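Notes to accompany the following structure.
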Amino acid sequence: MSESMAPPKRAFAPIRWMRENLFNTWYNVLLTVVVVYMIGTSVGPLLNWLFLDATFTGADPKDCIGDGACWLFINQRLNFFMYGFYPDAQQWRVDIMFLLLAVAFVPQFIERFPARRWLGIFGMTGLPIIGYILIPGGWFGLEEVQSHKWGGLMLTLILAYVGIIGSLPLGVILALGRRSEMPIIRGFCVIFIEVWRAVPLITVLFMASVMLPLFLPEGMNFEKLLRALIGITLWQSAYMAEVIRGGLQAIPRGQYEAASALGLGYWRKMRLIILPQALTLVIPGIVNTFIGLFMDTTLVLIIGLFDILGTVQSTITDPSWQNVATEGYVFVAFCFWVFCFGMSRYSQNLERKLDTGHKT
Amino acid sequence: MTEQMQSEQGQAVVDSAKADKTIIHVEAMNKWYGSFHVLKNLNLDVAQGERIVICGPSGSGKSTFIRCINRLEEHQQGKIVVDGVELTDDVRQIDSVRREVGMVFQHFNLFPHMTVLENCCVAPIWVRKTPRKEAEATAMEYLKRVKIPEQANKYPGQLSGGQQQRVAIARALCMKPKIMLFDEPTSALDPEMIKEVLDTMVELASSGMTMLCVTHEMGFAKTVADRVIFMDGGEIVESAPPHEFFDNPREPRTQQFLKQILHH
């Protein structure tokens, strides 16, 4: 028998790589030169604006004198961007929630973090309960803070978080229902999904805030935020259901049959055999939907709720601050990017971890 | 099917040394796919401990037939009684039959997101309510019996086809079934892996398990079967002990089939 040999080594040679990839034809040479020129002329000024010429500290708008960004503006109004009109004295309650959110979800990125799984479960179950007690208050001696005072990043996170943890289980149930053999259940799920999916979120929010109160009996009127949350969750669950249904359909029939043949009933079959595989398959789709939802929460502006974009937008029209719109929008974009990029990285993490590498 | 044939089948049951108790009773069973009549008036009694091989050309309905026995396929007419429980629309009855009937598929159908050990334990734990420790011990026992205990913590995708099929056999056995159904268990395997699976099945047969096996492995049929059933066009054409079936087939369709598969 002949000896096994190691695969040939590929030396890393930057010059050769550049010659082969960047300068191998005349049009690639041209492209390389143009791109390098563009990078060279734009990165410098951008860095100058962002950091070198920027103003970070100071007392009032007059301190923003440089050519760079006026980060002082963000700095000064950060409280408003984070909490909206939430009273200063009560903001520790929101801070606790921010902290708990971080404690529950940041470890999910760290492979060997102890009790990571339990923290995740807490993030999906305990956290909403604590939030429900802490943020509105009105009990256990906590001062009540009505929801029209909530705003900023806090409101964005509440909308996205409730939408996400509400729509996932609802979506699973709707997806299963749509594949049910029972005509009434299937019919209901199909109609639910098709109706909600065919309506733009902006319409849903309008309906929830303007039309719904007209239909509800006198006195039965719950808060605007709650209505928006219900609207967003239901709307999102229709999308989620279709993503998950895609996963269910990708599971070979043999898996259903093997589970049935072992005597597993419908719910056990779904919970133990089918859903773990189906959900793993559609992680990219699910996270994509989550990210979409996170962005769409900005639409609550039109029903008079001030999420992070709303607070920033209302501040840049403040006459005491001049020409800070760019800074404001860059800040909002950065906040959204941090959360959405985090979700995207987490999904890749999860995919790698759950991939046993082998399809049936 | 003729009167004569039915009486012959009955005869075969009586002839069998273990014919003390009928465990599967199929009577005048019919099934259609849409308007296509796949199974035509099937009658079969299987005694406890009996080993039956079902063969026939593809499309003859043999897989559909054994899949009716644990209700993976629904029959529209006639009666199927398994271990005293009739298969009807009642989900509880279906589940109680499925608990006692193990099945091995052509494409293994192991659960890819679970390790070999988890594959073997999932049904005992959730269906039989066996404590996890005990289920794992039983699973290891059966994995030893199919000669792959060292693979217990691997995922199915890391195993060869033959190993996967042996895991599938162990997984079915972990439920301690009274009957085992095999649906072409070696058809999807590479030739060099067929033997390891057949050896496992022979070993299982010698332990007294009631087995119904759809297969093209005529060697297996000759050595193990108490009875060979030949199906064609959705009917049971011939049913006989292997020496009669292979040496002296009565029906012309059987003769033709045997000629084709034995001399290729």
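Values quoted throughout were computed directly from the atomic coordinates according to the rules given, and no laboratory measurement underlies them. Note that the structure is predicted; figures quoted are calculated from it, not measured. Counting neighbours? That spans all protein chains shown, and the Cβs are built from the backbone with ideal geometry, glycine included.
Rounded to the nearest 0.05, what FRET efficiency do A:D63 and A:L22 give with R0 = 51 Å and r taken as the Cβ-Cβ distance? Could you check?
That gives a FRET efficiency of 0.70.
So who's got an amide H within less than 5 Å of the one on B:T210, skipping anything under 5 residues away but keeping other chains? H placed 1.01 Å off N, in plane.
B:G49, B:M180
Calculate the FRET efficiency for A:L78 and A:L212 from the Cβ-Cβ distance with a Förster distance of 35 Å, rounded to the nearest 0.05.
Calculated value: 0.55.
Under a Cβ-only charge scheme (Lys and Arg +1, Asp and Glu -1), can you give me the dipole magnitude of segment A:54-166 about the Cα centre, in debye to the nearest 20?
400 debye
Where in segment A:160-228 are there chymotrypsin sites (Phe, Trp or Tyr not before Pro) that are in a DSSP coil and have at most 16 other Cβ atoms within 10 angstrom of their Cβ?
A:F222
So what's the Cα pair-distance distribution over segment A:130-277, bin width 10 Å, in %?
10, 30, 29, 19, 10, 2
Let me understand segment A:64-207 better: what is its radius of gyration from the alpha carbons, and its Dmax, in angstrom?
20.2, 69
Please compute the modelled spin-label separation between B:S206 and B:Q76, points set 7 Å along Cα→Cβ, answer in nm with one decimal.
4.6 nm
With bins 10 Å wide starting at 0, give me the P(r) of chain A over every alpha carbon pair, in whole percents.
Result returned by the calculation: 4, 17, 23, 23, 17, 10, 4, 1, 0.
Using a cut-off of 19 Å between alpha-carbon atoms, which aspartates and glutamates can reach B:K129, once sequence neighbours fewer than 8 places away in the same chain are excluded?
Correct list for B:K129: B:D95, B:E100, B:E118, B:E141.
Could you pull the Rg and Dmax for segment A:278-351, using just the Cα atoms, both in Å?
Radius of gyration, then largest Cα-Cα span, for segment A:278-351: 15.8, 54 Å.
Fewest Cβ neighbours within 10 Å first, please rank A:S147, B:S58, A:S4 accordingly.
A:S4, B:S58, A:S147
Averaged over its residues, how many other protein chain Cβ atoms are within 10 Å of peptide A:253-259's Cβ atoms?
The shielding value for this peptide is 6.
Under a crude label model (7 Å from the Cα following the beta-carbon direction), how far is A:V106 from A:A6 in nanometres?
4.1 nm
Where a Cα-Cα gap under 25 Å defines reach, which lysines qualify for A:K62, not counting those fewer than 8 residues away within the same chain?
Of all the lysines, none pass the test against A:K62 - Cα under 25 Å, at least 8 places apart if same chain.
Work out, step by step, the length gained on full extension between A:V338 and A:I302: first 0.36 nm times the residue separation, then minus their alpha carbon distance; give nm to one decimal.
Here the answer is 10.5 nm.
Among B:I229, B:I54, which comes first, second and so on when ranked by fewest other beta-carbon atoms within 10 Å?
Lowest count first: B:I229, B:I54.
Tell me which of A:G285, A:M240, A:A6 sits at the most positive position along the dipole axis of chain A, charges placed on C-beta atoms (Lys, Arg +1; Asp, Glu -1).
Among A:G285, A:M240, A:A6, the one farthest towards the positive end of the dipole of chain A is A:A6.
Ignore the peptide's own chain and count Cβ atoms of other chains within 10 Å of each Cβ in A:294-302; give me the average, rounded.
Per residue, the average neighbour count from other chains is 0.
Assuming a ≥ b ≥ c are the square roots of the Cα gyration tensor eigenvalues, decide whether chain B counts as rounded (a/c under 1.5), prolate (otherwise, with a/b larger than b/c) or oblate.
prolate
Can you tell me the convex hull volume per residue for segment B:66-191, based on C-alpha atoms, in Å³ to the nearest whole number?
Cα-based convex hull of segment B:66-191, divided per residue, equals 109 Å³.
Which residues' amide hydrogens lie under 5 Å from the amide hydrogen of A:G137, considering only partners 5 or more residues apart or on another chain, with H built in the peptide plane?
Those qualifying (amide H under 5 Å, at least 5 residues apart or on another chain) are A:V145.
Please report, in debye to the nearest 20, how large the charge dipole of chain B is about its Cα centre when each Lys and Arg carries +1 at its beta carbon and each Asp and Glu carries -1 there.
740 debye
Using square roots of five times the C-alpha gyration tensor eigenvalues, list the equivalent-ellipsoid semi-axes of segment A:217-360 in whole Å, biggest first.
42, 22, 9
Please name whichever of B:T210, B:Y155, B:V237 sits farthest to the positive end of the charge dipole of chain B, dipole taken about the Cα centre and charges placed at Cβ: Lys and Arg +1, Asp and Glu -1.
Positive-end residue among those listed: B:Y155.
Could you please report the charge total around B:Q93, scoring K, R as +1 and D, E as -1 over all other residues with beta-carbon less than 14 angstrom from its beta-carbon?
Combined, the nearby Lys, Arg, Asp and Glu give -2.
Using each residue's phi in segment A:160-167, evaluate 6.51 cos²θ - 1.76 cosθ + 1.60 at θ = phi - 60° and report the 3J(HN,Hα) Karplus result to the nearest Hz, with x for Gly and Pro.
Each residue's phi maps through the Karplus curve to give 5, 5, 5, x, 5, 6, x, 7 Hz.
Can you work out ³J(HN,Hα) from phi for every residue in segment A:77-92, in order, using Karplus 6.51 cos²θ - 1.76 cosθ + 1.60 and θ = phi - 60°, giving whole Hz and x for Gly and Pro?
Using θ = phi - 60°, the values come out as 9, 4, 4, 5, 5, 8, 10, x, 9, 4, x, 3, 5, 9, 5, 4 Hz.
For the protein assembly as shown, just run the numbers: alpha carbon Rg, then divide by 2.2 N^0.38 Å, N being how many residues it has.
Taking the Cα Rg and dividing by 2.2 N^0.38 Å, one obtains 1.33.
Divide, for segment B:151-218, the radius of gyration over alpha carbons by 2.2 N^0.38 Å, where N is the residue count.
Working it through for segment B:151-218, the quotient is 1.09.
Determine, at each q value in 0.13 (inverse angstroms), the log₁₀ of I(q)/I(0) that the Debye formula gives when each Cα of segment A:247-304 is one equal point scatterer.
-0.49
Could you work out the Kirkwood radius for segment A:200-275, taking every pair of different alpha carbons, averaging 1/r and inverting it, reported in Å?
For segment A:200-275, inverting the mean 1/r across all distinct Cα pairs yields 15.4 Å.
What Cys residues in chain A are without a partner cysteine, judged by a Cβ distance under 4.7 Å?
A:C189, A:C335, A:C340
Considering only C-alpha atoms, what is the centroid distance from segment A:259-288 to segment B:60-134, in Å?
Answer, in whole Å: 18.
Within a 10 angstrom radius of the beta carbon, how do A:C64, B:C174 rank from fewest other beta carbons to most?
Listed from fewest to most nearby Cβ atoms, that is A:C64, B:C174.
Viscosity 0.692 mPa s, temperature 37 °C: give me the Stokes-Einstein translational D for segment A:1-141 in µm²/s, with Rh taken as the Kirkwood radius over C-alpha pairs.
151 µm²/s
To the nearest whole number, what is the average tally of beta carbon atoms from other chains within 10 Å of the beta carbons of peptide B:96-107?
Partner Cβ neighbours, averaged per residue: 3.
What's the magnitude of the charge dipole for the protein assembly as shown around its Cα centre, counting Lys and Arg as +1 and Asp and Glu as -1 at the beta-carbon? Answer in Debye, nearest 20.
Computed about the Cα centre, the dipole is about 660 debye.
Could you order peptides A:24-30, A:95-101 by the average number of other Cβ atoms within 10 Å of their residues, highest first?
The most tightly packed comes first, giving A:95-101, A:24-30.
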